[in-house]
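Here the structure is laid out as structure tokens; the discussion comes afterwards.
The values are calculated or read from the model by the stated rules, or taken from the named source; none is laboratory data. Just so we're clear, the structure is a prediction, and the values are computed from it rather than from any experiment. A quick note on method: Cβ atoms are made from the backbone with ideal geometry, for glycine too, and the neighbour counts reach across all protein chains shown. Protein only, heavy atoms only, side chains kept; ligands, DNA and RNA dropped before computing areas. Shrake-Rupley method; radii C 1.70, N 1.55, O 1.52, S 1.80 Å.
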Amino acid sequence: DFFFFADIVLNFRTTFFSPKTGEEIFEPKAIAAHYFSSGTLAIDLIATIPTDMIVEQFMGEGGGGSRTILQLFGLLKLIRIRRLSRIIMYMRARD
């Protein structure tokens, strides 16, 4: 979960290409606005929630159906990992 949180911090400092002009954007405020508006920030924040610890704390070892629902939030981490793999493939293609 720490690495996912660190990734959120890095996303606020990662440049992007403007879809309108094709230019690389370096301005921190524009990068933050793009990250907020892209919708990935919400997924990233939910994915950093330590659901396993929450379930264990509030529901004990046999959490039942509620445990299953909370563990579904863990699937969001897979979305982030998939996105990371696409970024790595893009970076390799640029080299």
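Key figures for this structure:
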quantity	calculated
Listing of helices (runs of 4 or more DSSP H) fully contained in the stretch 1-65 that carry 2 or more residues being at pLDDT 75 or above, open to solvent by less than 60 Å² (accessible area, probe 1.4 Å) and within 17 Å of Ile79 (Cα to Cα)	2-11, 40-47
Close pairs from the stretch 1-20: first within 14 Å of His34 (Cα to Cα) and in contact (Cβ under 8 Å) with a residue 40 or more places away in the chain, partner surrounded by 11 or more Cβ atoms within 10 Å (Cβ to Cβ) and of a type outside the set (A, V, I, L, M), Cβ under 8 Å, at least 6 apart	Ile8/Asp44; Ile8/Thr48
Condition broken by Arg83, with the remaining ones in (1) modelled with pLDDT of 80 or more; (2) in a helix (DSSP H, G or I) satisfied	(1)
